[in-house]
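The values are calculated or read from the model by the stated rules, or taken from the named source; none is laboratory data. The model shown is predicted, which means the values in this text are computed figures rather than measured ones. Reconstructed Cβ throughout: ideal geometry from the backbone, glycine too, with neighbour counts over all protein chains shown. For the accessible areas, the whole protein counts, side chains as well, though only heavy atoms, and no ligand, DNA or RNA atoms are used. Shrake-Rupley method; radii C 1.70, N 1.55, O 1.52, S 1.80 Å.
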Amino acid sequence: MNIEQQTFDIYEAKNNVKKALAATSDWRKSAAEDFAFMQGKQWEDADLAKMREVGRPAITINRIRPVINLLCGYASQNETEPDFLPRSEEDDRISRVAKGITKYCLDRANYQRNKGKCFRDKIICGLANYWVSYEFDYTKLDGTIQIERVSPFDAFVDPECKKDDLSDAQYVGRYSWEGTAKLKQVYPDKANEIDTLRHKYDDTEQEAGVIETVDSEALWYNNSYNKIRVVQYWYKEYGKKHVFMTKEGLVDEENPLFSVLMAIGKKPTSIPDTKIRYATFADDVLLEEGESPYKHGKFPLVREYCYYTGELADDELEPAGVVRDIKDAQRELNKNRSQRMHVVNQQSLGVKFWTGQIDERLKRDIEKNSTKPGANIMLPPGVTFQDGTPAMDSNINLSLEQQASNDFYSISGITPESLSGSVGNMSGKAIDLRQSVTTVQTAGIFEQAKEAERQIVKLLWGEKNAPGLIPQFYNQDKAMRIMGDDGQKEFVQIAPGLNQPMQEQVITDALGQPQLDQEGNPIKQVLYDLSCFDFDIVISTSQASATARRANLYQLLEAKKSGVDIPMDIILDFMDFPEKETVKKRIQEASEKPAMPELRVSGSLDDMPAEALSMYLQTLGVQISPQQIMAERLALKGKQQNIQNAPPNLPPMNDLGTM
């Protein structure tokens, strides 16, 4: 318990929320424009009006969306996963169980889908938000860990925060716009205050200018939707607490040993204590407030950045995404293409310079029919025309458009080879080298994603004396099904209160006697206490990702080509094609057949035993039994003897007996 207990100051909290929104007002405008550019809205309304007024085309060639799709596709093909490094040899099994439980929690939270959405957010506007919480379902009497995506525009942090993990932030939060009817249903004990708040923003008060704004953005009330901003505000409270320092660690007032030490006359030590608290409010109405339900001592908000240095700038240039730097190149490309299309339109219509005496009737006839196919215009004597060319040279425009495209690729770091795969007559090696430039340029973006995932896993498991969501809420006496590294399912038995990570226990029957296996040995089960797990968390690329599988396949093929004896079924495991399992089954059936003797033929086939020759011919697809071979040999041998006893062949003689 804190020595000093403070009360929540809602007016200070409101001021902090306003300060955070005001500090990021310019950034939110730039981020909204980033999303608009990705979606294809790349012309200012004023520019569009001018183009329509003069009859010029406004063309949009969206080069930004393919870049976003490329990076998102690369991230999905190189999925990352948390790994747990044991701190001793005994911890190897604990790390394997921790990985299986983590995967179970991430799958239930639909983490991979939300991670893909957050990755897209950050490469567009530079920022993505995760909200890690625990929600209990009273209908199922069970709770689940939630890892939600929060819009970049719906979360705020302390403007003085510089660290990516928000450890130096004094407050963070999220907000949503809610109707008063819903608020009264969720908080029925606050119904009167909510009604008072609604009357505060009626039409009369709105006309009087009561609605508060931040840089023309509504702060507490949105009159377009008639909704109120509801803030979930998380903040730090500083105080002190009494503890005893022992060899096993700190003993605080929640530990039963604390009372024992106090009873024997020991004096506790006062140390600084930082607690996380939360409050939910709408304008002046405090809906709920209390201490954080999570014991890890951290904010539930995790931020992921694309480009971010942590240094403040007057015009809020960061956080920034990939779109931010290429918007000008995209604008130039659109304007050059629109200008070139205008030139093409002018050339197709034709520009003619008329000379001679032309009256109004002839002028109207020329304006109406001069561009009409097959039209005949009767010209009076002395009236002629000469073809002209537009003032804008299309070759110059093509050069400018090409320069804009080159700027686009050089600024984004995405090479044309990465988008199209092949350019001109480049060799495969040259294309690979050019594509590797994109990998190097964007490596930092993916490292930021790994760091955000590591922070999420740390919230799940926590640290010593600060358990995360898994040991806090899942450390119950029950069996949990997990998935191992080999894809096999197994059950682990959770048993809190062991005071050690794992312990073997003999299974007994109803009479308390140990159960025995077929060999007469006691059957044992392993119990796990999640609150005592200890390991190091790292984020690595999943071996199941498409890119990793392809790289492993290439390495195996190169090794087999070099002479390494690698079974074919292992190589097939890294290939993805239809009927793969059928091929593996046939290879396995062929390997289970009795091995054929290795025959080395030296000399003639007559020296080979009949049985061996029959087996050898079967490998060639010729079916001849040993008995047939012996009969053929005997027949052939008898024929050769007759040939040897026959008289020699002589040349034919004529009737006179001469040759």
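Side notes on the structure shown:
- Residue check for residue 70: part of a strand (DSSP E or B) and either open to solvent by less than 30 Å² (accessible area, probe 1.4 Å) or of a type in the set (A, V, I, L, M) (or both): no
- All conditions in (1) more than 30 Å from residue 317 (Cα to Cα); (2) touching a strand residue (DSSP E or B) at 6+ places or on another chain (Cβ under 6 Å) hold for residue 138, with the sole exception of (2).
- Identity of the residue in the stretch 100-144, outside any helix (DSSP H, G or I) and of a type in the set (Phe, Trp, Tyr), that ends up farthest from the chain's Cα centre (by Cα): 138
- Single match in 65, 149 (criterion: modelled with pLDDT of 85 or more and over 16 Å from the mean Cα position of the chain (by Cα)): 65
- The one condition in (1) open to solvent by 70 Å² or more (accessible area, probe 1.4 Å); (2) outside any helix (DSSP H, G or I); (3) touching a residue at least 60 places away in the same chain (Cβ under 8 Å) that residue 490 fails to fulfil: (1)
- Every listed requirement among (1) open to solvent by less than 10 Å² (accessible area, probe 1.4 Å); (2) free of Cβ contacts under 8 Å to residues at least 12 places away in the same chain is met by residue 141 save one, (1).
- The stretch 81-99, residues that are outside any helix (DSSP H, G or I), touching a residue at least 12 places away in the same chain (Cβ under 8 Å) and surrounded by fewer than 18 Cβ atoms within 10 Å (Cβ to Cβ): 85, 86, 87
- The conditions of being in contact with a Pro (Cβ under 6 Å, 6 or more places away or on another chain), at pLDDT 70 or above and surrounded by 14 or more Cβ atoms within 10 Å (Cβ to Cβ) are not met by residue 574.
- The set of residues in the stretch 224-245 that are in contact with a Ser or Thr (Cβ under 6 Å, 6 or more places away or on another chain) and among the charged types (D, E, K, R) comprises 236, 240.
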